[in-house]
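Notes for the one structure printed next.
The values are calculated or read from the model by the stated rules, or taken from the named source; none is laboratory data. Values in this document were obtained by computation on a predicted structure and should not be read as measured data. Using ideal geometry, Cβ is built from the backbone for each residue, glycine included, and neighbour counts are taken over all protein chains shown.
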Amino acid sequence: MKPKMRVKIICIWLFSFVVYMVAAQGIDTLELTKADIDRIDADRTLAPLQNRNGWVNPEDLASMPQCVAQQNTSIWLKVMTQCVRRQCTRRFGFCTHYQWLIKLSCLHSGFSPDIVRNYLSNCNKSVLAKAQLFQWIHGITGRTWLVEIGDAIELQPLKPAALVQGYAAVEVMDKAPSCLIDSVSVTSEESYKHAMAICGFTASSQHNGNAARPWEYNESGRSLVALDFATAGYDLTQSMIANGTYFDKHCFCQAFEIDYAAEPCSATKLASTKERLWMAATCGHGTMPGNWTDGLQTTKFDYVSANDWRWPSCMEDIPEDVIHLSEKCMTDACELDSDGYCSVERAVDRTCFCRNIDYNTCNGSCHELEHRPDYVNWLHDLCDNVEGWHGLPTHWRKLALLGLQDMIPWRWRVKPSRDSTLTFDDDTESPKASETCPSTDWKFASLVIVATATLSAGFLARYRYLKYLSPTSWLARGFVTTFIYLFANWVNAALVQSTPDYDFIPIFQLILFWCTIPRLPWPTAILAIAEPLEATELSPIFSYLFTEAILQLLSATTMLTTVQYGLQHKFYSSKERISQLPLPAQLMYAGALAWLIILTVSLILLIQTTRHTQSATPTTKTPQELIALFNHLWTALEENISANWMNKTSDPDQEQAPLVTSQDQTPPTYGTLTVQRTSSRNVSRTRLVVRFYLVTILCITFLSLAQFLFWLGFIGLMGNEYCPPSLGILTIIWVLRSLVVGAVASGHVLGRLDTEVKVAQ
């Protein structure tokens, strides 16, 4: 082979080898950049790539820290530029490739504490920015401090607690008014936006620029240029949060302060409210002035959100102008969200609304028991904090509760006063009333004395002269005894009204009310059963029944009013309302209802007795057995009383009595044996009389017990609101009335018995 040919072959081979090596090196570099770029970004400061005897490519260094990029970077870049040199990176006998490289030892000495001090004041505001700066400096210089020894101890390692006031998403800027966003800090003269920027961070470090080539040497400018900077990441705290952009609250509040004496958002009240709420929610209430809540246009203070606005339950009695008033006072206000920031909503201005309304603005059902508590509480909750508003009476707390006025069905009272009407305004006890009013025990004692006075009346009526006081007709006696009852009530009512300060007492209503005082008129009727059958008349029972019927009819005015009032206000049906009633009120309403039930049952029993009817046959087995047992016991009681009553008529001398023939007797028999002359008709008549007696006595007894229960509750409930004057005199008059009634009702019967005894003798 010729020498020239060999030279050509060798040149071609060398050229191919060089091309192959260059291409291979280029391929390796490309593959490294694509495959390991993430690892390089994360670890550039710890192990720079392509270290050529202390020289590295600038792009292999970590990106510029966020807090440095936000400041004047000229000093930073000048230090780095001084360490850049043009170095040969490939040789083939001679240098075939040059690159601009940076020397690590130069950077180590170049980023001295003095250089770092130029940037630390700004980077020191955010703990995450400071941690990012420390990581960069430590990776370049290996130092464990920044400017002074120990100034980075809290960063090794960094924990989430290092963010003293926590953090918030930058989206809260949308809740700040534009006047605040465009303002400047009064202390540092730093703008709102810049303060937000230097305190911002991301969930993990993010690149802003060319992440693969963060640095580049500009030959024309002869300076190193930053093509990228990295944000501070929350992952520096060794913890993770959701992806997003955040800011350090403590950093922001230190960097940005406003002068509340010259607020940037004082143009409108709503803007000022949004500004203060934003600063309070971000920096905490402790950073706000003492009176920062004054004048806030929020639904928590002076405004009511349209979504939360409500009317009281007595809506139908609210005037139209009041309803339209809420529309006139509608405006924009801040509704606080869960973080304490402002969310603008339509709301009603409390001051505007409340200065045009008070307790007497709405009447009707708003002042009645069912709706008054809700109406009063609505007014109080709505307007009580409005300055200068006094729209509720001084006793408004009583209006919001179940008061004495609400528990009494009538509006008058027996108490010394210029007005007998029972109202909340004079519901308090006066010293005069407390001194002159009888005690509760004395009132109860008077009631018992009057009720039991009739017990002695039957015995006193046995004196012979009493028979001349009684009319012969049971109807006449009934009218007389009824008149005596009402006359005594009228006398007492007149005495009460004639007493000073009692002249407003309604006499007629008081007479009817006193008709409910429990009476015991049945002892005399029982005495009548104790007499022999032949000496017994039904007229006393008719007289008592007639009198009781009239008096109970007059009592119905009070009792039915009480029951109707209780039903109307759910004193019988609502557990909640019943629980609000004191025990005396419960007794009073229970007594009135028991009276009505007993009276109804009494009328049914009396009608059945007069018609000789039996109880209706029940449709179910259990009631049928119970009623059968009751009928058996009742029949046995009737038979025993009838037999005992008739046996009193049987007498040994009866066999020698003259022959008497009447419709009630069987023809006489003659002989030496004593024969009891009793017909089946006499037995039937006796049974009817006994039944009538029993039903009447039981009905009157239970009615009296119901009235006792009513009065027991009434006296306990009213207290000094029921204060009859000269109660001793009133009691004496009622006792005398009972004695006279007993004498008049029983005198004729007992007088006749006395006459018959004389004839028999």
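Filter the range 713-747 down to the residues that are closer than 28 Å to Ser439 by Cα and in contact with a Gly (Cβ under 7 Å, 6 or more places away or on another chain) and list them by number.
Gly713 - this is the single residue of the range 713-747 that is closer than 28 Å to Ser439 by Cα and in contact with a Gly (Cβ under 7 Å, 6 or more places away or on another chain).
Give Ser205, Ser266, Ser239 a once-over and let me know the one that is part of a loop (DSSP other than H, G, I, E, B), modelled with pLDDT under 90 and of a type in the set (Ser, Thr, Tyr).
Values: Ser205 fails: modelled with pLDDT under 90; Ser239 fails: modelled with pLDDT under 90.
The unique qualifying residue is Ser266.
Find the strands (runs of 3 or more DSSP E) located wholly in the range 72-189 whose residues include 2 or more that are under 30 Å from Gly221 (Cα atoms) and acidic (Asp, Glu), and list them.
Working: elements: 84-91, 95-103, 167-169.
Filter on the range 72-189 gives an empty set.
Is it the case that Glu171 is assigned by TED's automatic domain parsing to the domain that holds Ser205 and modelled with pLDDT of 90 or more? Give the steps one after another, and end with the answer.
Values: assigned by TED's automatic domain parsing to the domain that holds Ser205: yes; modelled with pLDDT of 90 or more: yes.
So Glu171 fits the description; yes.
Within the range 212-219, can one find any residue that is assigned by TED's automatic domain parsing to the domain that holds Gly110 and under 17 Å from Gln132 (Cα atoms)?
yes
Is there any pair with a first residue in the range 271-283 that is within 12 Å of Val172 (Cα to Cα) and outside the structural domain of Ala195 (by TED's automatic domain parsing) and a second that is part of a helix (DSSP H, G or I) and of a type in the set (Asp, Glu) whose Cβ atoms are under 9 Å apart and which are 6 or more apart or on different chains, and what are they?
Between residues of the range 271-283 that are within 12 Å of Val172 (Cα to Cα) and outside the structural domain of Ala195 (by TED's automatic domain parsing) and residues that are part of a helix (DSSP H, G or I) and of a type in the set (Asp, Glu), there is no close pair.
Kindly establish whether Pro264 is buried (at least 19 other Cβ atoms within 10 Å of the Cβ) and either in the same structural domain as Tyr167 (by TED's automatic domain parsing) or of a type in the set (Ser, Thr, Tyr) (or both). Can you show your working first?
On the way: buried (at least 19 other Cβ atoms within 10 Å of the Cβ): yes; either in the same structural domain as Tyr167 (by TED's automatic domain parsing) or of a type in the set (Ser, Thr, Tyr) (or both): no.
No; evaluated as a whole, the condition is false for this residue.
Please find, among Asp302, Asp339, Asp321, the residue that is out of contact with any His (no Cβ under 6 Å at 6 or more places or on another chain) and either in the same structural domain as Met173 (by TED's automatic domain parsing) or farther than 21 Å from Tyr375 by Cα (or both).
The conditions single out Asp339.
Select from the range 337-385 the residues that are aliphatic (A, V, I, L, M) and at pLDDT 90 or above and list them in ascending order. Walk me through it before giving the result.
Going through the range 337-385, the residues aliphatic (A, V, I, L, M) turn out to be 344, 347-348, 357, 369, 376, 379, 382.
Scanning the range 337-385 gives Val344, Ala347, Val348, Ile357, Val376, Leu379, Leu382.
Within the range 174-202, how many residues turn out to be within 40 Å of the chain's Cα centre (by Cα) and surrounded by fewer than 16 Cβ atoms within 10 Å (Cβ to Cβ)?
1
All but one of (1) touching a strand residue (DSSP E or B) at 6+ places or on another chain (Cβ under 8 Å); (2) in contact (Cβ under 8 Å) with a residue 12 or more places away in the chain; (3) not aliphatic (A, V, I, L, M) hold for Ser239; which doesn't?
Only one criterion is unmet by Ser239, namely (1).
So is His371 on the phi < 0 side of the Ramachandran plot, surrounded by fewer than 17 Cβ atoms within 10 Å (Cβ to Cβ), assigned by TED's automatic domain parsing to the domain that holds Val304 and not small (Gly, Ala, Ser) or not?
No.
Filter the range 207-225 down to the residues that are touching a strand residue (DSSP E or B) at 6+ places or on another chain (Cβ under 8 Å) and more than 30 Å from Thr245 (Cα to Cα), then identify the one that is surrounded by the most Cβ atoms within 10 Å (Cβ to Cβ).
Initial filter on the range 207-225 (touching a strand residue (DSSP E or B) at 6+ places or on another chain (Cβ under 8 Å)): 207-211, 213-219, 223-225.
After this cut, where a residue has to be more than 30 Å from Thr245 (Cα to Cα) as well, the list is 217-219, 223.
Values: Tyr217: 21, Asn218: 11, Glu219: 9, Ser223: 15.
Among those residues, the one meeting the criterion is Tyr217.
Counting only residues that are polar (S, T, N, Q) and in contact with a Leu (Cβ under 9 Å, 6 or more places away or on another chain), which one in the range 280-312 is surrounded by the fewest Cβ atoms within 10 Å (Cβ to Cβ)?
Thr298
May I ask you to verify whether Thr731 is farther than 11 Å from Pro584 by Cβ, at pLDDT below 90 and in the same structural domain as Ile604 (by TED's automatic domain parsing)?
Values: farther than 11 Å from Pro584 by Cβ: yes; at pLDDT below 90: no; in the same structural domain as Ile604 (by TED's automatic domain parsing): yes.
Judged against the criteria, Thr731 is not a match.
Out of all the residues in the range 242-263, which are among the hydrophobic types (A, V, I, L, M, F, W, C) and either part of a helix (DSSP H, G or I) or more than 16 Å from Tyr167 (Cα to Cα) (or both)?
Matches in the range 242-263: Cys251, Phe252, Cys253, Ala255, Ile258, Ala261, Ala262.
Which numbered condition in (1) more than 24 Å from Phe710 (Cα to Cα); (2) in a helix (DSSP H, G or I); (3) at pLDDT below 85 is the only one that Arg418 fails?
Every listed condition holds for Arg418 apart from (2).
Filter the range 313-363 down to the residues that are in a loop (DSSP other than H, G, I, E, B) and touching a Leu at 6+ places or on another chain (Cβ under 8 Å) and list them by number.
Residues satisfying the conditions are Gly340, Tyr341, Asn356, Ile357, Asp358.
Suppose we filter Ile140, Ile75 for residues that are farther than 15 Å from Leu61 by Cα and either buried (at least 19 other Cβ atoms within 10 Å of the Cβ) or touching a Phe, Trp or Tyr at 6+ places or on another chain (Cβ under 9 Å) (or both); which single one remains? Walk me through it before giving the result.
On the way: Ile140 fails: farther than 15 Å from Leu61 by Cα.
Sole residue among the options that is farther than 15 Å from Leu61 by Cα and either buried (at least 19 other Cβ atoms within 10 Å of the Cβ) or touching a Phe, Trp or Tyr at 6+ places or on another chain (Cβ under 9 Å) (or both): Ile75.
Can you confirm whether Lys130 is among the charged types (D, E, K, R), modelled with pLDDT of 90 or more and out of contact with any helix residue (DSSP H, G or I) (no Cβ under 6 Å at 6 or more places or on another chain)?
No, not satisfied.
Which residue pairs have Cβ atoms closer than 7 Å, lie 6 or more positions apart in sequence or on different chains, and pair a first residue in the range 374-389 that is in the same structural domain as Cys354 (by TED's automatic domain parsing) and crowded, with 17+ Cβ neighbours inside 10 Å with a second residue that is among the aromatic types (Phe, Trp, Tyr) and at pLDDT 90 or above?
The qualifying pairs are Leu379/Tyr359; Cys383/Trp389.
Can Lys249 be described as within 39 Å of the chain's Cα centre (by Cα) and in the same structural domain as Gln165 (by TED's automatic domain parsing)?
Spelling it out, Lys249 is indeed within 39 Å of the chain's Cα centre (by Cα) and in the same structural domain as Gln165 (by TED's automatic domain parsing).
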